[in-house]
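The values are calculated or read from the model by the stated rules, or taken from the named source; none is laboratory data. Small disclaimer: the values here were computed from a predicted structure and weren't measured. As a convention, Cβ positions derive from the backbone with ideal geometry for all residues, glycine included, and neighbour counts pool all protein chains shown. Just the protein is used for accessible areas: all its heavy atoms, side chains included, with ligands, DNA and RNA removed. Shrake-Rupley method; radii C 1.70, N 1.55, O 1.52, S 1.80 Å.
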Amino acid sequence: MSIPSQARALPPRDHLVAELRSFIARWFRDGIEDGLEPETPLVTSGIVDSAGVLEVVDFVEERFHVRIADTDVSLRNCNTLSAWAQLIEQKLA
């Protein structure tokens, strides 16, 4: 369920991926974005641990004004930048 707003425009996927990449690089990789591709495994590679996923959830909720439910937090939705971007798109739609 997304947080209500007035006529939100859906940002381009590459914009979502870029913002997520920047956040993850800052919080989990000392600012290094190299190697963070849209399909790079984040959780299964150890870049982001389970507590880190909650940090990403907080960032996504605050930055994109969406609500990420507990049921949304899954490996399917949280393991790659692309998966996160798709989840955000679904919440904004």
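For the reader, a short list of remarks on this structure follows.
- Taking the criterion of being in contact (Cβ under 8 Å) with a residue 12 or more places away in the chain and open to solvent by 80 Å² or more (accessible area, probe 1.4 Å), the residues of the stretch 34-47 that qualify are Glu37, Glu39, Thr44.
- Look at the stretch 1-25: where a residue is modelled with pLDDT under 85 and a partner is of a type in the set (Lys, Arg) and open to solvent by 90 Å² or more (accessible area, probe 1.4 Å), sitting 6+ places away or on another chain with Cβ atoms under 9 Å, you get Met1/Arg67; Ser2/Arg67; Ile3/Arg67.
- Exactly one residue out of Ile24, Ile68 is over 18 Å from Leu92 (Cβ atoms) and touching an Asp or Glu at 6+ places or on another chain (Cβ under 9 Å), and it is Ile24.
For every residue, the table says whether it meets (1) farther than 15 Å from Gln86 by Cβ; (2) within 13 Å of the chain's Cα centre (by Cα).
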{"site": "Leu10", "(1), (2)": "no, no"}
{"site": "His15", "(1), (2)": "no, yes"}
{"site": "Pro38", "(1), (2)": "no, yes"}
{"site": "Glu62", "(1), (2)": "yes, yes"}
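- Search result, residues across the stretch 60-93 that are among the small types (Gly, Ala, Ser) and closer than 10 Å to Leu16 by Cα: Ser82, Ala85
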